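The values are calculated or read from the model by the stated rules, or taken from the named source; none is laboratory data. Fair warning: this is a prediction, and the values are worked out from it, not measured in the lab. Every residue, glycine as well, gets a Cβ built from its backbone with ideal geometry; the counts of neighbours run over all protein chains shown.
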Amino acid sequence: MKESELIKKAQDGYKKEQEELTENTQFLDQLKEANNERRKPLYLLWLSRPIPAYSLALATLFFLFLLVTVKPRPTELIVYNNPETLIQYDTIVMRDTIHILNETKNTKAIESKKWTNKIPRQKKINKSAPRQTVVNNSEFYFDVSQVNDQQNLSGTSANDSELAQFLGVNI
Amino acid sequence: MLNPFVSYKKSSDEALMKRLQNRDNKALEELYHRYFKKLYHFSIKMLNNDTETANDIVQDVFMKLVESPHKFNLDKKFKSWVFTITANECRKLFRIKPMKTIEDKEFEISIEEENNSENLSLFMQKLDHKLEELSERHKEAFILKYNQDFSLQEIAELQDCALGTVKSRLHYTTKFLAENLSQYKSMLIK
């Protein structure tokens, strides 16, 4: 008998024998039951791996805390074209100015960070001598104490006062 | 993360094992359908047609699979792994008790009276009988190659030997069987 012939017949025979075998379904059910018994519930996983489990829980609590307590800060400032440009001046120090550019759209978004950077730092005012300045349609009214202060600082007459010269008024 | 919508029938053995490691019963069922008959048949042949012992061995193998699926390395081939376990179990029994042998007179048949299908089964009985005369490793290599479609490399890995050794074993076995079964050639003529 040729070897190739033997191999072919052996393969046919093995295939036929294997097909004739039957599966044991009862045993398969037993296997499934055994597999189910070994399935770990969630709380056991918690106990068996405490470090990752507690880390996850703490991280969740932390983010929940942040979500509840921290209010979201505005990330952009919307400036409308209408009403018209609002310009606010201070008599001594120019505090802030809002320029409205000609925009084709109705709104313009400016990043809050950018906006705050543009605002010049406000000079410290001596609280011991509060100054009262009233602005009313290009007319300036100063408190008497301010004028006295200026005189004391300069030690000269009002004509030499820098403040008076700056304001263009004669005290 | 395992995809819950993937088809079990199209999944590879290794993918099914990964699911079984997460205690997936459907993966277990699919692996059982794929391998129960193969392992059972292999065990029967290795144990010289001792079906009861072969059944016990296959059941033990599947129980091990369920009890400790994490022992399987997902980078390796499942087929080789599961057959290695089965072959090891068969070898243990092979050493403990000598297998029963089939007498030659059982094969004294009237060829003219038998049809072709029965001839094939009788030929297979004779083949099994002759395989019993060979060593455990020769027999194992022959069955794995021509019954389970193992490659030579896979057999070498399973038997933990060189590729040349497997080739030699297969060559010797086929030559031995061809010589000894030549008298039954007429049984196979349609």
remark   = Condition set more than 11 Å from residue B:137 (Cβ to Cβ), charged (D, E, K, R) and assigned to a helix (DSSP H, G or I), scope region B:149-170, selection nearest to the chain's Cα centre (by Cα): answer is B:154
key: Test: residue B:9 is away from every other protein chain (no Cβ under 14 Å), closer than 25 Å to residue B:159 by Cβ and part of a loop (DSSP other than H, G, I, E, B)   = no
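Residue-wise test of (1) modelled with pLDDT under 90; (2) in a helix (DSSP H, G or I); (3) within 14 Å of chain A (Cβ to nearest Cβ).
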{"site": "B:54", "(1), (2), (3)": "no, yes, yes"}
{"site": "B:59", "(1), (2), (3)": "no, yes, yes"}
{"site": "B:93", "(1), (2), (3)": "yes, yes, no"}
{"site": "B:98", "(1), (2), (3)": "yes, no, no"}
{"site": "B:106", "(1), (2), (3)": "yes, yes, no"}
{"site": "B:110", "(1), (2), (3)": "yes, no, no"}
{"site": "B:117", "(1), (2), (3)": "yes, yes, yes"}
{"site": "B:142", "(1), (2), (3)": "no, yes, yes"}
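I'd like to check something: does region B:34-45 contain any residue that is part of a helix (DSSP H, G or I), more than 13 Å from chain A (Cβ to nearest Cβ) and at pLDDT below 95? Lay out the reasoning, then the answer.
Step one: filter region B:34-45 for residues part of a helix (DSSP H, G or I), giving B:34-45.
The next check asks that each one be more than 13 Å from chain A (Cβ to nearest Cβ); those that pass are none.
No, region B:34-45 contains no residue that is part of a helix (DSSP H, G or I), more than 13 Å from chain A (Cβ to nearest Cβ) and at pLDDT below 95.
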task = Considering every residue within region B:84-91, establish whether at least one is assigned to a helix (DSSP H, G or I), surrounded by 15 or more Cβ atoms within 10 Å (Cβ to Cβ) and within 14 Å of chain A (Cβ to nearest Cβ).
result = no
task = Just give me the residues in region A:1-39 being surrounded by 14 or more Cβ atoms within 10 Å (Cβ to Cβ), more than 7 Å from chain B (Cβ to nearest Cβ) and closer than 19 Å to residue B:54 by Cα, in sequence order.
result = A:24, A:30
key: Residue under evaluation residue B:123, criteria (1) surrounded by 15 or more Cβ atoms within 10 Å (Cβ to Cβ); (2) at pLDDT 90 or above, criterion not met   = (2)
ask   = Of the numbered conditions (1) farther than 24 Å from residue B:23 by Cβ; (2) surrounded by 11 or more Cβ atoms within 10 Å (Cβ to Cβ); (3) modelled with pLDDT of 65 or more, residue A:63 satisfies every one except a single condition; which is it?
value = (2)
